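Written out below as structure tokens is the structure these notes cover.
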Amino acid sequence: MTDSALASPAATTATSSTGDGLRPRPRGFSAFVRKSPLGAFCLFVILFAIAFALIGPFVGTGNPEKINPLSVFAGPSREFPMGTDYLGRSVMARLAIGMRVSLLIALLAAGLAAVIGAAIGLVSGYAGGIVDEIIGRLADILFAFPTMLLGLLIVMVLEPGIQSLVVTILVVTLPIFVRVARGPTLGLKSAEYVIAARVSGASTRRLIFRHILPNLTGPLLVQTTFSLSVALIAEGALSFLGLGVQPPQPSLGSLLRDGKTYMELAPWTMLFPALTLAGIILAINLLGDELQGIIDPRLRGR
Amino acid sequence: MLRFIVTRLVLAVVVLLGISLIVFVAMRMVPGGFATAMLGPQGAQQPELVDQLNERYGLNDPLIVQYGVWLKNALRGDFGESLGTHSSISHELMRRAGVTIELALLSTLISVGVGVPLGIIAAVKRGTPTDAGVRGLGLLFLSIPDFVLGTLLIYFVSTRGIPLPVSGYVSLSESVAGNLKAMVLPVLSLGLITTAVVMRVTRASVAEVLNEPYIVTARAKGLSPRDVTRRHVIRGALIPVITIVGINVGFLLSGAVIVEEIFALPGLGRYALQGILQRDYPIAQATVVLGAAMFVMSSFIVDLLYAWVDPRIRYQ
């Protein structure tokens, strides 16, 4: 472990599974596909979902805003592949718009949490001492808030809406990133290659960005993936309760909320958002699992 | 051991104080503020009324004094009264706690009772179709959020004509059978996810312990595979499982807000939601702090269990 770490810090996570380091391992996307077909499939599903969210309303799903009084609660048909809702609007088109809103919120919030959380964790682990202690306790406090209660609290202060959703998800996922970044930093800062770099005069900035951060990308990537599903669930739950995205704007959660009201009359208004949400989360979780298996083969199949 | 308990206890208290302070300050930051909630938008325009109100509730005092007063009362079990109904919040909390605790207990019971055995089986039979099946099922249930599962269950039960109530609560004293029937769907909505989580963690933990040298020793000295699993593997694999069961308490409290709302159960979660929706500060404040306190308490118990299972931890 120390040997490979000395040789090339950035490549430790990549080469640890082959070990010998003689054969140049295939890198990049084709290697990922070969190593984990399931993961590649999940990535494809996620990209497909994003593509559908972006271009769905323009290709044959109908106008999401158009009210069709004559075809209220129409079942799935050629004109409306997923039926219509209580105003006769195309469920498929609204699903696309709703996915756009949900995915945007999730990507934005999880991305922000990853960047900010990793930065805090790095500083905390690298600085050590009192700084580390204070940051650790603050993270504990955030950890101790059950997600939903924290969400409710933030919604009460900021008013329901996209803004409070992003803040809620950010605050809920932030402490995990702090821990993910802090742990390895503690070990790495006294790793031989980092000490060697420091002795040869590397600045703190260079030590952190060149020598420590590249070793964290794996765990951080895995955590970002899982946080995406946490974010989608949090958005869905708060919007489902009417505390998230406000009408007339749809999201996966608020579509499900509307669908639940009318599910006996028009099950499709509930089933399509429900299955879409579960499907995307399943794809994200599977992808996270596969990535984790690649990065740390010991944990394969956890 | 005593020192360990005291350190943990002090930490738990510090975290709780932090939480209650954050919640308290957050409540004072709510737009419109206390006056609007009490007097309505028109009343809040009249300075005399607002002054009277501030005087009566001590809102002119420095924030830290107000926090002190609230904390002192809260520690004596007095959370004030609801702004809307003027009923005692503590009284309401007592009435509702039972529902949420029952929900959480039953869900935990299922998740441990089903998740742990399945996890052990999957780990022992690593790489077989049994393992793959258990893992696939686990990942599937992990990916259906509670509000989606709850909605799907209601739909399923009502379209198939299954005689289970989809809404409302029957207390244990009224009818034990009726109570359990009313809890089936809510517990399934919450419990399947936690079962999946417990199963995955158990599987991973057992799989790791199976590779330990002391397991090889146990096998080599001639213990039957059953005895090895029972006497050595399970004890060694226990810590991560205890952790996840403790962490699940937080998840269950969050889930309670949603599941109690979906199935119209009169528990703490629904009370919290009601407090937030109606901008009833004292309710929101009491329920959020109480929820966090329950989670901190469960973490504390988890810490004690750790030290009990693994003596090394006590001396760190």
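Based on alpha-carbon centroids, what's the gap between the stretch A:248-265 and the stretch A:190-205 in Å, whole number please?
56 Å
May I ask for the angle, rounded to the nearest 10°, between helix A:213-240 and the longest principal axis of chain A, with both axes built from Cα atoms and the value confined to 0 to 90°?
Roughly 20 degrees between the two axes.
When Cβ neighbours within 10 Å are restricted to other protein chains, what is their mean count per residue of peptide B:13-23?
3
Straight distance only, please: which lysines reach the Cα of B:Lys72 with their own Cα at less than 17 Å, same-chain residues fewer than 8 apart left out?
By straight Cα distance, B:Lys72 reaches no lysines at all.
How shielded is A:229-242 by partner chains, expressed as the average number of their Cβ atoms within 10 Å of its Cβ atoms?
Across A:229-242, the average partner-chain Cβ count within 10 Å equals 4.
Using Cα-only point scatterers and the Debye equation, what is log10 of I(q)/I(0) for the stretch A:30-72 at each q in 0.28 Å⁻¹, rounded to two decimals?
Values returned for q = 0.28 Å⁻¹ are -0.92.
May I have the extent of the alpha carbons of chain A along their three principal axes, as whole Å values ordered from largest to smallest?
Here the spans come out as 77, 47, 29 Å, largest first.
Using just the Cα positions, wrap the stretch A:130-211 in a convex hull and report its mean projected area in square nanometres, one decimal place. Intermediate results must be reported in sequence, preceding the final value.
Numbers: hull surface 27.6 nm².
The Cα convex hull of the stretch A:130-211, projected and averaged over all directions, gives 6.9 nm².
Just to check, using Stokes-Einstein with a Kirkwood Rh over alpha carbon pairs, what's the diffusion coefficient of the protein assembly as shown at 25 °C and 0.890 mPa s in µm²/s? Don't jump to the answer; show the numbers that get you there.
On the way: Rh = 26.6 Å.
Value of D from the Cα-based Kirkwood radius: 92 µm²/s.
Any chance you could check the Cα centroid distance between the stretch A:102-176 and the stretch B:71-129 for me, in angstrom?
Their Cα centres are 24 Å away from one another.
What distance in nm separates the simple spin-label points at A:Phe73 and B:Leu2, each placed 7 Å from Cα in the Cβ direction?
For A:Phe73 paired with B:Leu2, the spin-label model returns 7.0 nm.
Just need the Rg to Rh number for the stretch A:224-302, please, alpha carbons only, Kirkwood Rh.
1.13
Could you quote the convex hull projected area for the stretch B:94-309, Cα atoms only and averaged over all directions, in nm²?
Across all orientations, the stretch B:94-309 yields a mean hull projection of 14.2 nm².
Can you give the local net charge around A:Lys260? Use residues other than it whose beta-carbon is closer than 14 angstrom to its beta-carbon, Lys and Arg +1, Asp and Glu -1.
-4
Report, in degrees rounded to the nearest 10, the 0 to 90 angle that the Cα long axis of helix B:238-262 makes with the longest principal axis of chain B.
Here the helix axis deviates by roughly 40 degrees.
Between the helical axis of A:147-158 and the dominant principal axis of chain A, each derived from Cα atoms, what acute angle in degrees is found, rounded to the nearest 10?
Helix A:147-158 and the main axis of chain A meet at about 70 degrees.
Every number here is computed from the coordinates shown, using simple stated rules; none is lab data. As the structure is a computational prediction, the values presented were derived from the model and not from experiment. A quick note on method: Cβ atoms are made from the backbone with ideal geometry, for glycine too, and the neighbour counts reach across all protein chains shown.
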